[in-house]
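J.: If you scroll down you'll find the structure; I have some questions about it.
The values are calculated or read from the model by the stated rules, or taken from the named source; none is laboratory data. Note that the coordinates shown come from a computational prediction; the quantities given were computed from them, not determined experimentally. With ideal geometry, Cβ positions are generated from the backbone for all residues, glycine too; neighbour counts draw on all protein chains shown. These area figures cover heavy atoms from the full protein model, side chains too; ligands, DNA and RNA do not enter into them. Shrake-Rupley method; radii C 1.70, N 1.55, O 1.52, S 1.80 Å.
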Amino acid sequence: MLRGLRARLVVGFLVVAALSALTTALLTYQEARNAILQRSQDIAVNDLRAQVNSLAPELPVPPSQADLDSLRVQLERSGKSREWDISVHYSGARDGSAQDGDVRDSGDGGLRGDVVIPAGLKASVEKRHVPAFQRVDRSGEPWLLIGMPVRQSDGRASALTIYAQLPLSAEESNVEALVSAAQRGALPVLVLTVVLALLAARGVLRPVRGLRQAAGRIAEGKLDTRLEVKGADEIADLSRTFNDMAARLEESMAELRRLESNSRRFAADVSHELRTPLAAMTAVTDVLDEDADSLDPDTASAVRLISQETGKLARMVEDLMEVSRFDAGAAALHLDEVDVGETIRKTLQARAWQKRVTAELPADVRAGIDPRRLDVVVANLVGNALHHGGEPVRVRLHAPEPGTDRLLIEISDSGPGIDPEVLPHVFDRFYKADSARARSEGSGLGLAIALENVRLHGGSMRAANCPEGGAVFTVDLPLRHEEAGEPADVGSADPPDEARAAGEPGADDDRGGVRSAAKETHA
């Protein structure tokens, strides 16, 4: 198939040129052939009429066979340059000669010197007494047959009729020479057509190629790309439209970046400014919590509620500051060669989750990672499974397969799993599966922060439901950060066989997890 525009343009030019040349050649051949044959035919008829008018008056009436033969010989000699054969016919010849002379009624065949006249031509000449001629093909060669009735001096029809036949091979050779010349001229025409097609294609494709390159630069983020506009044709109009589009896109992107920067700066500034008063409030609520038992029940309940909400607000502020660092590209990795299983075990011990979580952590699985960020990832996923899934919760570390450079960490629970409609959004910030329940124990940023920490390592994270029930979150990390490739897509459900291979059911956000509609889905 012709997929390139250049190839299609060249082929289109060639087809048009070939069809035009072929049509012109056919018409030219037909008209030239008819003109050449008609001219030869007219000359032959006029020459024969002139010779008959010159010699026939001297013929005795009625003529003998010898007179007819003499007339035939004289006519043949007079037309020697035309190589015609003559047959003289007289309806009442003397000396018992044949009435038809040398004429034979036939539709085909015949040798030189033996004039063969078709019956239709003979009937037309002798009955209507008018000159007639006919072109016939004999053994692949064209011949001209002429029938010429001789009239008396007073204009009446006589009994004498002259028939002639002459070959048209010379004329046919001229026609064939004309065709050969046309064929020889077709090749230069096709070559010229290809050259013109390439030039035309170049003129069309050059701006199209420039447009494609400019669109590629726009896609790479070089929004200041512009096309040079030449001429006033459709390509020039397209270039102007592209430049206008690029200018508007650049303006829109600049405005979006400004708004995004202001939004990040606002969130970071607000979070930073809230840290100091929140620290003071947390200290006060801690003191009030200690004395809550000595207060009356209503006051104690209010104090505990304030303490709880203050703690949630403090955690949200910390999460917002962490997210703002990711958005600003200010989050940095502090890599260290660690035992991954031991790091995960310390995370569970620090939060007193040993009895609530089953851990399968093989020893001596070492990787270059940031221990603090791995602690955040595991803590968020395990806390999410405990709060929104169902116990038992399992943490499984898969040692890298031989020849591979990646390790897998799976956190699964025994809860109801994740609603399929919610599954694509589990890593969205502040996403609530149940919008009617706006309050939860977390900030709704736990899974998003865990995902950003995994991506920072060059890894990926995905969520899925297991056929046995529950959900599983799989963290895929490279053993060495510098060897990490592009992170894979996240937030999509694994195929059933992958989910089954994960073993245990699923997990969720410890500070705002996503769960089935029957559970609290956001914090």
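J.: Determine whether ARG202 is at pLDDT below 85, open to solvent by 60 Å² or more (accessible area, probe 1.4 Å) and under 26 Å from the mean Cα position of the chain (by Cα).
T.: yes
J.: A further question on this structure: Looking at this structure, is LEU238 free of Cβ contacts under 8 Å to residues at least 60 places away in the same chain, in a loop (DSSP other than H, G, I, E, B) and within 28 Å of the chain's Cα centre (by Cα)?
T.: Against the criterion (free of Cβ contacts under 8 Å to residues at least 60 places away in the same chain, in a loop (DSSP other than H, G, I, E, B) and within 28 Å of the chain's Cα centre (by Cα)), LEU238 does not qualify.
J.: Which condition does GLY185 not pass, out of (1) assigned to a helix (DSSP H, G or I); (2) farther than 30 Å from ALA35 by Cβ; (3) open to solvent by less than 50 Å² (accessible area, probe 1.4 Å); (4) among the small types (Gly, Ala, Ser), if it passes all the others?
T.: Exception for GLY185: condition (2).
J.: Within the set of pairs 6 or more residues apart or between chains, which connect a residue that is closer than 14 Å to GLU250 by Cα inside the range 208-222 to a residue that is open to solvent by 40 Å² or more (accessible area, probe 1.4 Å) and outside any helix (DSSP H, G or I) with Cβ atoms less than 8 Å apart?
T.: From residues that are closer than 14 Å to GLU250 by Cα, the pairs are ALA214/ARG226.
J.: Okay, moving on. Return a yes/no flag: does the range 221-231 have any residue that is open to solvent by 60 Å² or more (accessible area, probe 1.4 Å) and in a helix (DSSP H, G or I).
T.: no
J.: Shifting gears a bit: Among the candidates GLU309, GLU260, which residue alone is under 26 Å from ASN380 (Cα atoms), part of a helix (DSSP H, G or I) and acidic (Asp, Glu)?
T.: Answer to the check: GLU309.
J.: Under 8 Å by Cβ, and 6 or more places apart or on different chains, what pairs join a residue from the range 33-45 that is under 15 Å from SER173 (Cβ atoms) and open to solvent by less than 60 Å² (accessible area, probe 1.4 Å) with one that is polar (S, T, N, Q) and outside any helix (DSSP H, G or I)?
T.: Within 8 Å, no pair qualifies.
J.: Please work out if SER70 is farther than 23 Å from VAL130 by Cα, crowded, with 16+ Cβ neighbours inside 10 Å and out of contact with any Pro (no Cβ under 7 Å at 6 or more places or on another chain).
T.: For SER70, the condition - farther than 23 Å from VAL130 by Cα, crowded, with 16+ Cβ neighbours inside 10 Å and out of contact with any Pro (no Cβ under 7 Å at 6 or more places or on another chain) - is met.
J.: In addition: Exactly one condition in (1) aliphatic (A, V, I, L, M); (2) at pLDDT 75 or above; (3) assigned to a helix (DSSP H, G or I) is not met by VAL61; state its number.
T.: Condition (3) is where VAL61 drops out.
J.: Taking the range 351-386 only, how many residues are closer than 18 Å to MET461 by Cβ and open to solvent by 70 Å² or more (accessible area, probe 1.4 Å)?
T.: Of the residues in that region, 1 qualify.
J.: Please name all residue pairs, on different chains or six or more residues apart, with Cβ atoms under 8 Å, provided the first residue is in the range 250-276 and is open to solvent by less than 100 Å² (accessible area, probe 1.4 Å) and the second residue is part of a helix (DSSP H, G or I) and of a type in the set (S, T, N, Q).
T.: ARG264/SER324; ALA267/SER324; ALA268/SER324; SER271/SER324
J.: So in the range 139-157, with the set limited to residues that are assigned to a strand (DSSP E or B) and open to solvent by 30 Å² or more (accessible area, probe 1.4 Å), which one is farthest from PRO60 (Cα to Cα)?
T.: Among those residues, the one meeting the criterion is GLU141.
J.: Additional query: What about LEU386, is it aliphatic (A, V, I, L, M), part of a helix (DSSP H, G or I), under 45 Å from the mean Cα position of the chain (by Cα) and under 13 Å from LEU348 (Cα atoms)?
T.: Considered against the rule, which asks whether it is aliphatic (A, V, I, L, M), part of a helix (DSSP H, G or I), under 45 Å from the mean Cα position of the chain (by Cα) and under 13 Å from LEU348 (Cα atoms), LEU386 comes out as no.
J.: Of all residues in the range 119-138, count the ones that are surrounded by 17 or more Cβ atoms within 10 Å (Cβ to Cβ) and over 15 Å from PRO149 (Cβ atoms).
T.: Counting residues in the range 119-138 that are surrounded by 17 or more Cβ atoms within 10 Å (Cβ to Cβ) and over 15 Å from PRO149 (Cβ atoms) gives 1.
J.: Please name all residue pairs, on different chains or six or more residues apart, with Cβ atoms under 7 Å, provided the first residue is in the range 181-194 and is touching a residue at least 24 places away in the same chain (Cβ under 8 Å) and the second residue is assigned to a helix (DSSP H, G or I) and not aliphatic (A, V, I, L, M).
T.: Sorted first by the residue in the range 181-194, then by its partner, the pairs are ALA182/THR28; THR193/PHE13.
J.: Identify, from the list ARG325, ARG394, ARG304, the residue that is over 50 Å from the mean Cα position of the chain (by Cα) and either of a type in the set (A, V, I, L, M, F, W, C) or open to solvent by 20 Å² or more (accessible area, probe 1.4 Å) (or both).
T.: The conditions single out ARG304.
J.: With the structure loaded, tell me whether ASN262 is within 30 Å of PHE326 (Cβ to Cβ) and of a type outside the set (A, V, I, L, M, F, W, C) or whether it fails that test.
T.: yes
J.: Quick one: would you say VAL317 is aliphatic (A, V, I, L, M), over 30 Å from ARG264 (Cα atoms) and assigned to a helix (DSSP H, G or I)?
T.: No, not satisfied.
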